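All remarks here apply to the structure that follows.
Rule-based calculations on the coordinates, nothing more; no lab input. This structure is a prediction, so every number in the text was calculated from the model and none was measured. Every residue, glycine as well, gets a Cβ built from its backbone with ideal geometry; the counts of neighbours run over all protein chains shown.
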Amino acid sequence: MVRDIAKDKWFLNLFAYTGSFTVYAADGGARKTTTVDLSSTYREWTRDNLRLNGFVDGRGDGPHQLLAMDVGKFLDEHPAGERYDLVVFDPPTYSRSKKTEKDWNVQEDAVPMLQQLLPLVRKGGVIFFSNNFRRFKFDPSELEVTECHEISAQTIPEDFRNRRIHRCWRIVR
């Protein structure tokens, strides 16, 4: 889905892990990508994956900005204004790190972070919000958006053993 709608878009990948969605966005023709994960190891994995797929060379990252930083800090420090057309927001269920002041809990922290993210997304821009917390409760009315539809069934591979653990929404600003 990301690759299919990425053409000429400014793409943001939050909690990026190995950057798979960034690679898909690049493959779909994204104009620019920004990838954020707390881990510098994961940032390097993303760079390696972009390089292995022919989207960066050894001389630089081109239109692909790779940041090893806390997503909350990234949003706090981000200049105001709509910039992104397409976002993947795929946070962990829970995270504890010495690099952050507060533990992450998807049930408590995801909606406030989505609210903070929305002003950075252009009108009509799409956010794919995904998580793997089986008991996650989400009320889309907490967000000021044009559309919000659960698309979990479309995002789970046929052979995925536990189909109830993954949830995904397509949110349009």
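Give 105, 132 a once-over and let me know the one that is more than 16 Å from residue 13 (Cα to Cα) and either of a type in the set (Lys, Arg) or touching a His at 6+ places or on another chain (Cβ under 8 Å) (or both).
After applying the criteria, what remains is 132.
Within segment 147-173, track down each residue that is farther than 27 Å from residue 81 by Cβ and part of a loop (DSSP other than H, G, I, E, B).
151, 156, 157, 158, 159, 160, 161, 162, 163, 164, 165, 166
Yes or no: segment 46-54 includes at least one residue that is of a type outside the set (A, V, I, L, M) and under 18 Å from residue 89 (Cα atoms).
Yes, that holds for at least one residue.
What single numbered condition from (1) free of Cβ contacts under 8 Å to residues at least 40 places away in the same chain; (2) surrounded by 12 or more Cβ atoms within 10 Å (Cβ to Cβ); (3) under 24 Å from residue 83 (Cβ atoms); (4) not hydrophobic (A, V, I, L, M, F, W, C) fails to hold for residue 144?
Here residue 144 clears every test but (2).
Please state which of the following conditions residue 172 fails to meet, knowing it meets all the rest: (1) surrounded by 14 or more Cβ atoms within 10 Å (Cβ to Cβ); (2) out of contact with any Gly (no Cβ under 9 Å at 6 or more places or on another chain).
Going through (1) surrounded by 14 or more Cβ atoms within 10 Å (Cβ to Cβ); (2) out of contact with any Gly (no Cβ under 9 Å at 6 or more places or on another chain) one by one, residue 172 breaks only (2).
For the list (1) under 16 Å from the mean Cα position of the chain (by Cα); (2) surrounded by 18 or more Cβ atoms within 10 Å (Cβ to Cβ), I need the number of the one condition that residue 115 fails.
For residue 115, the failing item is (2).
Take the residues in segment 17-43 that are among the aliphatic types (A, V, I, L, M) and in contact (Cβ under 8 Å) with a residue 60 or more places away in the chain, then tell me which one is surrounded by the fewest Cβ atoms within 10 Å (Cβ to Cβ).
38
Say we look at segment 79-92 and pick out the residues that are surrounded by fewer than 16 Cβ atoms within 10 Å (Cβ to Cβ) and of a type outside the set (Asp, Glu); which of these is nearest to residue 2 (Cα to Cα)?
Ranking the candidates gives 92 first.
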